[in-house]
Structures are given as structure tokens and as C-alpha cells.
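A.B. asks: Next up is a structure, given as C-alpha cells.
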Amino acid sequence: MPADDGSTETSPGGVLLRSALLATPLDDLMSQAARRRDDTFGTRITFSPKVFIPLTMLCRDRCGYCTFAKAPARLESPYLGLDEVLAIARAGRAAGCHEALFTLGEGPEDRYPAAAEWLEAHGYTSTVDYLAAACAAVLEETGLLPHANAGALRAADLATLRAVSASQGMMIESTNPDLDAHRSAPDKVPARRLETLEAAGELAIPFTTGLLVGIGESRDDRIDTLEAIAASHARHGHVQEVIVQNFLPKAGTSMHRAEPCPTDEFLWTIAAARLILPTDIHLQAPPNLSDELRPLVDAGIDDWGGVSPVTADHVNPERAWPALGILRAATEAAGHVLAPRLTIYPEFALRPDTWLDPALRFPVLDASDAEGLGRDHPWASGGEFPPPELLGPFVAPDASARPGVVTLASTGGAVAEILTAVVDGHTVDEDEIVTQFGARGPEVRAIAEVADQLRHDIVGDEVTFVANRNINYTNVCTFKCKFCAFSKGPLSLNLRGTPYLLELSEITDRVAEAEAMGATEVCLQGGIHPKFDGDYYLEVIKAVREASPTIHIHGFTALEVTEGARRSELPLADYLILLRDAGLRTIPGTAAEILDDEVRAVICPDKIDTEEWLEAHRTAHSVGLNSNVTIMFGSVEQPRSWARHLVRTRDLQRETGGFTEFVPLPFVHMATPIYIQKKARRGPTFRETVLMHAVGRIAYRGTIDNIQLSWVKMGAAGARQLLRSGVNDLGGTLIDENISRAAGASHGQMMDADSFRALVTPLGRTLAQRTTLYGRVVHPDGHDSVLAGAR
Ligand code: SF4
């Protein structure tokens, strides 16, 4: 009951009491439920792109509302054959699905001889045995993640399926044991279903369950059902989502004359579920069983369930899935954003050791983005698949509009609040950076708009590049970075390819050649060769200077200078002064990877740690050597680590002012040891890549003015969108780029001014050649290939 102060009665734990749930007006209940959803999940509503595989439509139960179950005479075959199963899964894969939802009748072999005979003829001992084989085949052949929905099962069957599926499910439907709808359905006995739910918890199976509303049960019954689910979850933490499904009468069933579930009852149940269930359980209502979607959002759902671009809903064949565009539009019209998920929710996917059989861990990782949601597009950095168009058609910015805030004016939510504050001058903190990295749909466009406006205000409309040459003097390395496809033995993980160490004379020749081609900078980086002592780096500088007294020497990562100092037995500052006096001018930020030791312990455990990287750059800045910030993102880490990286480097920049630019380096996964060993994702998604540049621009406002993209990893189509997301620098022309190519990047080895200009001109921007330190290169005759002046 509402209390005297107008608030609704709650238990000490904050959950609405039964009496309050039953007495609160529906509108109030829905408002409270929606608030609880927003407080927990923000603006995000998920869906699972899936195919629906009806392995068998035979069932030993006869539920009063079901048209899924058929008699053998009405089916061509008791079961789908494996080739039919795989054909559906392959079509799903081609359409971008992640989930193969196996749905089937319960124990048909106990009722129908035809089912038992088919199983025996095909070498299977039971329906569950065949289901396990079909799940394994789909996983192996297509990478789709099976979700097994096989009804009330014994623990042994659940365990068998756990080895071949990423999640399982079974609707409780109702804990009322006395419903006419279930009179002829032995598997719908509530105690049996609750036992299955409990066994799934004991086996650590990420589990989906739910209620069917309007089959004769009361509101009290539904509260009982929800409380039973909540109690099982409290014991095991395994309920990932609860589906609230509305009953619709279907022709050919014993309940065909029954009234459909009244909309108010359905909405009341969704709201009650949100308020009764713990906040870590997701709440779903199927989008194809209601004519209007908005009320379902208003009642508190945060998931639309499986939506198939390929197969029909075989349980409700008369109700087609809404097209994805319609679902997105309805979600956004309700002030939310849509995100694809896997069949296993992120809270479980990100703890694979607890929740997944070892055989499922890589397939889940491989389909995941950094938040443990589903990858939203086949694009991968360095690959050939063109990126999705996230920002819409380019239109020249309207100087009078408040960027981003306009895009989100009708939505609200945490991203909109942060952007409004940013536009008013607010500096984002770590939590706010994490929130921005979770942006989807219009939120991504708004962040890019704000970043683009900041770019315009801070550095104008010029897009810069530097003419440079990479010289990777050796690929032999004593370190064992697991993401590195470049280094070769004796100790490195990647033993393929030929180890080399350039002669110093070769370095001299390459510098001379680069300068003749117009380069103003050489970028020197390589492995840490076991034979190097601290003098080696001085000799490399000398070799460069033999070819050119003036070319800018940008070289030696924090790892290289730290190792050089150690091997010279000199304090780092003294060693850096030696390098500086020999001709070194700036050092690259690479070796930063992710400046978060939890992540470094996984991807580069023997490399310098976060503090050592920061200290190397602090020391370099103190002796007059500028440097830049890089971040290699998209392998194993989550957005929290990205935010820490940005905040830590921003703090150092406030202290020293020595960083010239921020350079996001999307992880190129193809040939890297960590991906080949099935321990990393396939790089960031394109959305994450856009956000890294845009959020970087926002986070570094007032500290680092230049945001650079890596065209080697992005290609032209990707680069164009990044130029609209806060980027003002294209980096180097990079004659001889080896490191990304070693990891599998397919974009070229060199860009020239004309190629760069083709990228920037259509965006109304101008191209300018810069020096390493952002001076302008003057061309005496106006021709791009002739370079002179400041270095
Ligand atoms: S990233 Fe650098 S330090 Fe690590 S293995 Fe590769 S070359 Fe060696």
C-alpha cells in the first residue's frame, strides 16, 4: 500500500511487498519499474540476433495453448536432420546472428514410437543426446552459440548440454499446480520445473526462465512464481533473464476460445517482475506478441529477446518478428538505444571460468565486444570488411547548434547528461568515460558530434600528416608480448617468419632514401634483441645522423629506453640525455598497450608496468623529449581499463605537458599469438573504435590537442568516419610499415598527400603537412612531394 508519505510500501531490502504490488495503480507501478530499470541498465535495451531451430515438434505434453507440438502424422520427419540444422545455422551466420536457439518438445520418444525409432536409427540414445550432437555441430561448423531450450531436464542432461551450449532455458510458466492449461502436461508440474531451475544453478548454467501470463493464474500466483525464481537466483546467481510472455489463443488448441492475456495484466506482470526480481536479472518481453512496443518499455523491460532475421517464431508462427529497423526505431522513440547481445548475458560472459564449459569460452569471446555484448558488425581492424556507417551522411556542421545535445535532445540518459555538461565545459572523470564507451546508436553519433566540435574549436579544420619512414631495425625480441605478431624467436611466442637485424649501414641507407623521398621524420622501433646493450641505440642514432643531420628522429619506446638504461647501468634520465644529445628528438608512446596492470598481466606480463611506462615518459619530458600517448585496445580488456588509461595519461600531461598527440591503435588480431591461442577478441568493434577517438578528444580537452588515427588499421572508409569523430591528424605516410602488417592488416604500406587529400576534402577540411612537433612544412614551389623547412 502507498505509505503516508506517498511512497510505495517496501520491504527492508527495498523490494515492494505483495500488498503494495497488488494495490499500487498500474501507472505508478510501471513508473517505479521503469525507474529501477533505468537506474540499473541506463538507456540500453538488448536483443539477441538469432536463428530458431525447431529440432523436434513432437512433445509428450499437451498444453492447452500450444501449437508448436504436432502429431507425427503432420511432420515429414520426427526430427530435423543435422544437415537441415546446419543449413539454418549457416543462414543465420550469414545474416549476422550470434545465437542458435534450439527449441523442442519434451521427451517425445516416451510418447511416440516414431521418435524413438528415428533416434535409434540415427545412433542417438535420447532427444537430449541428439540435441547435444546438434549443438556441437552448430558450434563447430558455424560458430553460432547454442542456447538449449529442452524443457524440464534431469541434472545429468543439463550437464551434457552445458558442454555444448552457452546458455540454457526453460520457462517456469507458473508455479500454480492447478491450471487447466497444464492438465495433460506432466513436464509442467511446477515442482519438476523448479527442480530443473535449481539443478541448473548447481551446475552454474547461465539460465533463462520466465512466466506465461493469462493462462488462468492469478496475480498472487505470478508473484509466487517470481519469488520462486528470485529465491533460486539468490542461491546460485544463475538466472540471467526472465521472460514475461503474454498468452494469445491459437486456433487448433483447447484454449482457442480463451481470452487473450489482457494488456493491463501483462504490463502489471512485467512491472511486478522488475520490482520483485533482483536488479541483476534482465527482463524480457517478446516484441512479436504485442501490437504496441512502447508500453513494454514503459513497464520496465531491458531486453527484446531473440529476434531472427532468418527464421519464424515457431512457437507463435502467426506473429512475425518485427524487422530490426522497426525495433530500433521503437526503442529509440522510447528514449532508449538498442544493442545486440549474445545468448549468454555480459555478466556471465565476462566470467567464463565460472559460467562456461572450457569448450565454449573462445566461441563466446570471439563473438563478444568489450562489454561482453554481441559484436554488431563483421568489421575488424586491419581487415578488408568495410566498416558500418555509424554517423549517417556527412552534412556540414551548423555553427549555431549545440553539437550532440541536439541529437540526444529527445532521449536523455547518462550519455546525454555527460555531453550536456561537456558542452558547458565539464571535464569527464573515469566513470563518465566508461559510460561514454557504452554508447550505442544515436548516443555514438552525439559523442562524435561533440568531439568533432571540440576538434574544430581546438585545432580548426586543418587535417595534418607527417612524411615519415618506419625503420624497424630488428624483429628479434626477448620479450613475449602475447599480442605481438611482429617479433620472432628466440623467446618470443611467434616463431614464424625470418628473424632479422638490420646492419647500421642499412639504416643509414634507408634514412637517405627516405629523405630523398621527402620524409621529415624517421620512426625507429624494434624488438629488444638479446645482444643489444645501451650503446646500440646511440649507434642507431649515429647511423641516422650519418645520412641526415636534420631529419627528425622519433624513436625508441618506453620499453626500449628503459632497457637501454638498464643495460647501460645508467639512471633513465642520464641515458635519455645521452640519446637526446646524440640527436633523438621525440619518443613514441607504443609499449603503453593498456596502462592498467590487470590487463598487462595478461597481454604483456614481462614488459614494463604502468608506472614504469608513465615514469619513462615523465622522465623523457623532463629532459626535453616530447612523446605521444598510444592505446592498443580490443584484445582482452574492458572499457574500465580504457578509462583508466586515459585518466592516467591525462594526469601526467597536466604535470608535464609533454605529450603531442593521442593515437588509438585498434588491436589487429589475425596473426597474433594471443588470438591464435584463442585467448583474445578479434579486436575492437568499429563502434568502439569511433568511440575511442571521440571519447579521447573529449577526455583530453585542454591537455592533448591532437588526436591521430592509424590509417594502416582503419582503411579509407574507416578513416573518413574517424575524421568526423574528433580526429585532426592522419599520422605518418609510413613508408615500410611492418608491425600492423605482421599482425594481418591488409591496408597499404604507404600513403601520399593525394590519398590523404581524397579523404579530407569531401569533409570540407584542408590537408596540411606538419613536422613531428606540429610545425607546418613549407613547400617552396607548392608541390607536395618537395619538402623543406622546419623539422
Ligand atoms: S611488442 Fe615489442 S617488446 Fe613485445 S614482443 Fe613485440 S617487439 Fe617485443
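A.B. asks: Which condition does Lys531 not pass, out of (1) within 16 Å of the ligand (Cβ to nearest atom); (2) surrounded by 15 or more Cβ atoms within 10 Å (Cβ to Cβ), if it passes all the others?
C.D. replies: Lys531 satisfies every listed condition except (2).
A.B. asks: Now for a separate question. Out of the residues in the stretch 515-528 meeting the condition of being under 40 Å from the mean Cα position of the chain (by Cα) and not hydrophobic (A, V, I, L, M, F, W, C), tell me which one is nearest to the ligand (Cβ to nearest atom).
C.D. replies: Among those residues, the one meeting the criterion is Gly527.
A.B. asks: Please pick out the residue among Ala204, Ala134 that is of a type outside the set (D, E, K, R), touching a residue at least 60 places away in the same chain (Cβ under 8 Å) and at positive phi.
C.D. replies: Ala204
A.B. asks: Return the only residue of Pro605, Pro549 being assigned to a loop (DSSP other than H, G, I, E, B) and within 16 Å of the ligand (Cβ to nearest atom).
C.D. replies: On the way: Pro549 fails: within 16 Å of the ligand (Cβ to nearest atom).
Pro605 is the lone residue from the list that is assigned to a loop (DSSP other than H, G, I, E, B) and within 16 Å of the ligand (Cβ to nearest atom).
A.B. asks: Turning to a different aspect of this structure: Being part of a helix (DSSP H, G or I), of a type in the set (Val, Ile, Thr) and more than 33 Å from the chain's Cα centre (by Cα) is the filter here, so list the residues in the stretch 116-170 that pass it.
C.D. replies: Selection gives Thr127 alone.
A.B. asks: Considering each residue of the stretch 573-625, count those that are within 25 Å of the chain's Cα centre (by Cα) and closer than 22 Å to Asn468 by Cα, and give that number. Talk me through it step by step, then tell me what you get.
C.D. replies: First, pick out the residues of the stretch 573-625 that are within 25 Å of the chain's Cα centre (by Cα): 589-605, 610.
If we keep only those that are closer than 22 Å to Asn468 by Cα as well, we get 589-592.
Counting residues in the stretch 573-625 that are within 25 Å of the chain's Cα centre (by Cα) and closer than 22 Å to Asn468 by Cα gives 4.
A.B. asks: Just checking, does the stretch 55-76 include any residue being surrounded by 16 or more Cβ atoms within 10 Å (Cβ to Cβ), under 18 Å from Ser165 (Cα atoms) and modelled with pLDDT under 95?
C.D. replies: Looking for residues that are surrounded by 16 or more Cβ atoms within 10 Å (Cβ to Cβ), under 18 Å from Ser165 (Cα atoms) and modelled with pLDDT under 95, one finds at least one in the stretch 55-76, hence yes.
A.B. asks: Would you point out which residue out of Val444, Val434, Val428, Val463 is more than 15 Å from the ligand (Cβ to nearest atom) and part of a strand (DSSP E or B)?
C.D. replies: Val463
A.B. asks: Can you pull out the residues in the stretch 474-511 that are at pLDDT 85 or above, within 14 Å of the ligand (Cβ to nearest atom) and of a type in the set (D, E, K, R)?
C.D. replies: Of everything in the stretch 474-511, those that are at pLDDT 85 or above, within 14 Å of the ligand (Cβ to nearest atom) and of a type in the set (D, E, K, R) turn out to be Lys480, Lys482.
A.B. asks: Considering Arg274, Arg235, which residue is at pLDDT 95 or above, basic (Lys, Arg) and surrounded by fewer than 17 Cβ atoms within 10 Å (Cβ to Cβ)?
C.D. replies: Result: Arg235 is the single residue among Arg274, Arg235 that is at pLDDT 95 or above, basic (Lys, Arg) and surrounded by fewer than 17 Cβ atoms within 10 Å (Cβ to Cβ).
A.B. asks: Another one. When both residues are 6+ apart or on different chains and their Cβ atoms are under 6 Å apart, which pairs have a first residue that lies in the stretch 293-313 and is within 22 Å of Pro346 (Cα to Cα) and at pLDDT below 95, and a second that is assigned to a loop (DSSP other than H, G, I, E, B) and of a type outside the set (Phe, Trp, Tyr)?
C.D. replies: Final answer for the pair search is Gly305/Pro286.
A.B. asks: Of all residues being of a type in the set (Gly, Ala, Ser) and free of Cβ contacts under 8 Å to residues at least 40 places away in the same chain in the stretch 507-546, which is nearest to Gln769 (Cα to Cα)? Just the residue, please.
C.D. replies: Among those that are of a type in the set (Gly, Ala, Ser) and free of Cβ contacts under 8 Å to residues at least 40 places away in the same chain, it is Ala516.
A.B. asks: I need the full set of residues from the stretch 287-301 which are buried (at least 24 other Cβ atoms within 10 Å of the Cβ) and in a loop (DSSP other than H, G, I, E, B), in order please.
C.D. replies: Once the filter is applied, which keeps residues that are buried (at least 24 other Cβ atoms within 10 Å of the Cβ) and in a loop (DSSP other than H, G, I, E, B), the stretch 287-301 yields Ala299, Gly300, Ile301.
A.B. asks: For Val540, all conditions in the list (1) more than 14 Å from the ligand (Cβ to nearest atom); (2) buried (at least 24 other Cβ atoms within 10 Å of the Cβ); (3) closer than 13 Å to Arg585 by Cα hold save one; what is the number of the exception?
C.D. replies: Of (1) more than 14 Å from the ligand (Cβ to nearest atom); (2) buried (at least 24 other Cβ atoms within 10 Å of the Cβ); (3) closer than 13 Å to Arg585 by Cα, only one is false for Val540: (3).
A.B. asks: Here's a follow-up. When Ala200 is evaluated against the numbered criteria (1) at pLDDT 95 or above; (2) within 17 Å of Asp303 (Cβ to Cβ); (3) in contact with a helix residue (DSSP H, G or I) (Cβ under 7 Å, 6 or more places away or on another chain), which criterion, by number, is the only one it fails?
C.D. replies: (2)
A.B. asks: Go through (1) without any contact (Cβ under 8 Å) to a residue 60 or more places away in the chain; (2) out of contact with any strand residue (DSSP E or B) (no Cβ under 7 Å at 6 or more places or on another chain); (3) within 15 Å of the ligand (Cβ to nearest atom); (4) not in a loop (DSSP other than H, G, I, E, B) and name the single condition Val561 misses.
C.D. replies: (2)
A.B. asks: Can you pull out the residues in the stretch 99-127 that are within 25 Å of Val310 (Cα to Cα) and touching a Ser or Thr at 6+ places or on another chain (Cβ under 7 Å)?
C.D. replies: Those that are within 25 Å of Val310 (Cα to Cα) and touching a Ser or Thr at 6+ places or on another chain (Cβ under 7 Å): Glu99, Leu104, Gly105, Thr127.
A.B. asks: State yes or no: is Thr619 part of a helix (DSSP H, G or I), more than 17 Å from Gly718 (Cβ to Cβ) and among the polar types (S, T, N, Q)?
C.D. replies: So Thr619 fits the description; yes.
A.B. asks: If the requirement is being among the β-branched types (Val, Ile, Thr), on the phi < 0 side of the Ramachandran plot, within 16 Å of the ligand (Cβ to nearest atom) and part of a helix (DSSP H, G or I), which of these qualifies: Val599, Val647, Val636, Val663?
C.D. replies: So the residue among Val599, Val647, Val636, Val663 that is among the β-branched types (Val, Ile, Thr), on the phi < 0 side of the Ramachandran plot, within 16 Å of the ligand (Cβ to nearest atom) and part of a helix (DSSP H, G or I) is Val599.
A.B. asks: Let me ask another. Condition first: closer than 21 Å to Ala370 by Cβ and within 14 Å of the ligand (Cβ to nearest atom). Now tell me which residues in the stretch 567-596 satisfy that.
C.D. replies: Once the filter is applied, which keeps residues that are closer than 21 Å to Ala370 by Cβ and within 14 Å of the ligand (Cβ to nearest atom), the stretch 567-596 yields Gly589, Thr590, Ala592, Glu593, Ile594.
A.B. asks: Here are the criteria: (1) within 23 Å of Asn628 (Cα to Cα); (2) more than 35 Å from the chain's Cα centre (by Cα); (3) of a type in the set (A, V, I, L, M, F, W, C). Tell me which single one Leu570 does not satisfy.
C.D. replies: Leu570 satisfies every listed condition except (1).
A.B. asks: Taking Trp613 as meeting all but one of (1) of a type in the set (Phe, Trp, Tyr); (2) in contact with a Ser or Thr (Cβ under 8 Å, 6 or more places away or on another chain); (3) within 16 Å of the ligand (Cβ to nearest atom), write down the number of the exception.
C.D. replies: Result: Trp613 fails condition (2) only.
The values are calculated or read from the model by the stated rules, or taken from the named source; none is laboratory data. Computed from a prediction, not measured in an experiment: that's the story for all the values here. For neighbour counting, all protein chains shown are included, and Cβ atoms are generated from backbone atoms with ideal geometry for every residue, glycine included.
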